[in-house]
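Read through the structure below, which is laid out as structure tokens, and then see the notes.
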Amino acid sequence: MVTQQSPGIQVAVHGHPNADTLLLWHPAVRSDPDAVAALASRIATRAKVRVVVPHWTDGADLLRSVRYARESSVHPPDGLSVVGYAEGGIAALSLALNQRRLGIGLVRATCVDGGPDVLDPISGQRLIPAAAPVETEIDVIDMDDEPASAWAHETVDAWKSAGWAASLVPTAQFTWRVNPSQ
């Protein structure tokens, strides 16, 4: 792991510097950075990617981390993927939705542990998918909890209805948890 200071934000980088870049937005980085670092290291090793983990508190930090991930990558900057948990997951979907307005491109955006009451930390609003002329893939992780699962299903359907390549990933197939036993 390499910890670096980018203008306005501290980031930890895991994995080989020449690998494809995955930006990991996990709110537990504020309360348990060691657990998130262990998760990032596992992801980097298993997926053979470079994982950038910002220490973020708000939407502005998340956008700064996108700039850092894009500028520090040896690959084309639009080859970026984002995985976000809770409000970071909603922000990942928001980034996908607004990528052209922001002048960026994404390969994939993944939302883990999202929910109906989680606002987008970038805009402060509820996220409503709309049609976009991009090829970004959207993944929403299904949850064991019934209300969260219903939200995941509804969210994937809404993104598909808006013309996105959206997939519901079963909980059993998703292994990127802070604690491997989760």
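Would you please name the residue that is farthest from E137 (Cα to Cα), looking only at residues in region 44-61 that are out of contact with any Ser or Thr (no Cβ under 9 Å at 6 or more places or on another chain) and of a type in the set (A, V, I, L, M)? Result: A60.
Counting only residues that are closer than 15 Å to L24 by Cβ and out of contact with any His (no Cβ under 7 Å at 6 or more places or on another chain), give me the strands (runs of 3 or more DSSP E) lying completely in region 84-182 with at least 1 of them. Spell out the reasoning first.
Working: elements: 106-112, 137-141, 165-169.
Because the criterion is at least 1 residues that are closer than 15 Å to L24 by Cβ and out of contact with any His (no Cβ under 7 Å at 6 or more places or on another chain), the strands (runs of 3 or more DSSP E) in region 84-182 that meet it are 106-112, 137-141.
I need every pair where a residue in region 135-163 that is in contact (Cβ under 8 Å) with a residue 40 or more places away in the chain has its Cβ under 7 Å from the Cβ of a residue that is basic (K, R), sequence separation at least 6 or different chains. Short answer, once both residue conditions are applied: T136/R108. Taking region 150-166 as the range and being more than 15 Å from V118 (Cβ to Cβ) and crowded, with 16+ Cβ neighbours inside 10 Å as the test, the residues that pass are V156, W159, W164, A166.
For G88, the requirement of being under 16 Å from the mean Cα position of the chain (by Cα), closer than 23 Å to A172 by Cβ and crowded, with 24+ Cβ neighbours inside 10 Å is met.
So, in region 24-78, how many residues would count as being part of a helix (DSSP H, G or I) and charged (D, E, K, R)? Lay out the reasoning, then the answer.
Of region 24-78, the ones part of a helix (DSSP H, G or I) are 27-29, 33-47, 59-72, 77-78.
Next cut, charged (D, E, K, R) only: 34, 42, 46, 61, 64, 67, 70-71, 78.
Summing the residues that are part of a helix (DSSP H, G or I) and charged (D, E, K, R) in region 24-78 gives 9.
As a summary of the residue check, G105 satisfies the conditions (1) farther than 21 Å from D142 by Cβ; (2) buried (at least 20 other Cβ atoms within 10 Å of the Cβ) except for the one numbered (2).
Read-outs throughout are calculated quantities, based only on the coordinates presented, and are distinct from any laboratory measurement. Since we're looking at a predicted model, the values are computed, not measured. Here the Cβ is made from the backbone with ideal geometry for all residues, glycine too, and neighbour counts use every protein chain on show.
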